[in-house]
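Shown next, in structure tokens, is the structure this report addresses.
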Amino acid sequence: MKINFLLILIIIIFSYQKISKEKILKSLANQFKLTPKLTLQDLYKSFFQDFFGPEHLISNKTFVEEYLNEEIKEAEIDNNNLPLFEKTGFEGKFIRINLKVIKINLISKEKLIEFFIESANNDKNNKNINEWKKNWKKIDKIIFNLNLSLFNEKNDRNKINEMLEKNEYVMSHSNVYKQNYKPHYRLINFNYIKDNFCSNNNNFDFCLNLINCLFENKEIIKNENFFVNKTKENNIKNLIKEIDNFNSKEFHNIKKCLNN
């Protein structure tokens, strides 16, 4: 009886440790920094993407490729106001890859499709809706207690709860988010980005921020190939040294971006 009680206690403690309030608060701060007009619906989407990944988006390679081609052709990719790389949820297991990476030749369309499908296939670890419901309940409690006064928050919360009661979990971005940020991205396992762009840097978050800051400022860098080549070479450490040693307005803006 005593052993069973200890086992239950350990399970409860582990369950609460898994949802780190500190990590959730950090994730919320980062999301509001990037997209201040997001709603509870958009916060929910980021956290469920972090939990489930892109598996629900996969049917077959042909469909994935056709859908991507259609989106690139018709969507306002050049006008979206999102970073190239954005971590999902509080664990950051997946990265939202802005489709602009194809436009600027940072990642080829073929490679993006490959990363996307592999990310979905490699993350099939029997995650279930009941586990997600418990996770979201803890996450939402933290959000609720912050009194953020999000747009349409009460209605969004009711809509999310009704959806979860039906054992459904997939939700699109809010209209507010779509109108302000025009999101067009694919979910990729963070390891693919780490291995291809940040393998020489121990601080993955800093590496992502550096690439995003470079992209924000690339239009004022005379040699456009600088941005693509330096990131593709996995030469992040040398790039940081160049930024530190370069006194031009362009690199000053990049350093300022990194410090924000």
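The values are calculated or read from the model by the stated rules, or taken from the named source; none is laboratory data. Treat the numbers as computed from the prediction; the structure is a model and nothing was measured. Cβ placement follows ideal geometry from the backbone for every residue including glycine, while neighbour counts extend to all protein chains displayed.
Restricted to segment 1-41, and to residues there that are part of a helix (DSSP H, G or I) and charged (D, E, K, R), the residue that is modelled with the lowest pLDDT is Lys2.
For segment 116-142, filtered to residues that are over 12 Å from Leu68 (Cβ atoms) and touching a strand residue (DSSP E or B) at 6+ places or on another chain (Cβ under 7 Å), the residue that is surrounded by the fewest Cβ atoms within 10 Å (Cβ to Cβ) is Asn122. In segment 169-179 there is no residue matching the filter, namely being touching a Leu at 6+ places or on another chain (Cβ under 6 Å) and without any contact (Cβ under 8 Å) to a residue 40 or more places away in the chain. Hey, among the residues in segment 195-225 that are touching a Cys at 6+ places or on another chain (Cβ under 9 Å), surrounded by 16 or more Cβ atoms within 10 Å (Cβ to Cβ) and not in a helix (DSSP H, G or I), which one's modelled with the lowest pLDDT? Looking at the filtered set, the residue picked out is Asn201.
Hey, can you tell me all the residues within segment 135-156 that are touching a residue at least 40 places away in the same chain (Cβ under 8 Å) and in a loop (DSSP other than H, G, I, E, B)? Within segment 135-156, Leu146, Leu150, Phe151, Asn152 qualify. Taken together, the residues in segment 160-183 that are out of contact with any Asp or Glu (no Cβ under 7 Å at 6 or more places or on another chain) and of a type in the set (Ser, Thr, Tyr) amount to 3.
Looking across segment 74-108, the residues that are over 29 Å from Leu25 (Cβ atoms) and either at pLDDT 90 or above or part of a loop (DSSP other than H, G, I, E, B) (or both) come down to Ala75, Glu76, Leu99, Ile104, Asn105, Leu106, Ile107, Ser108.
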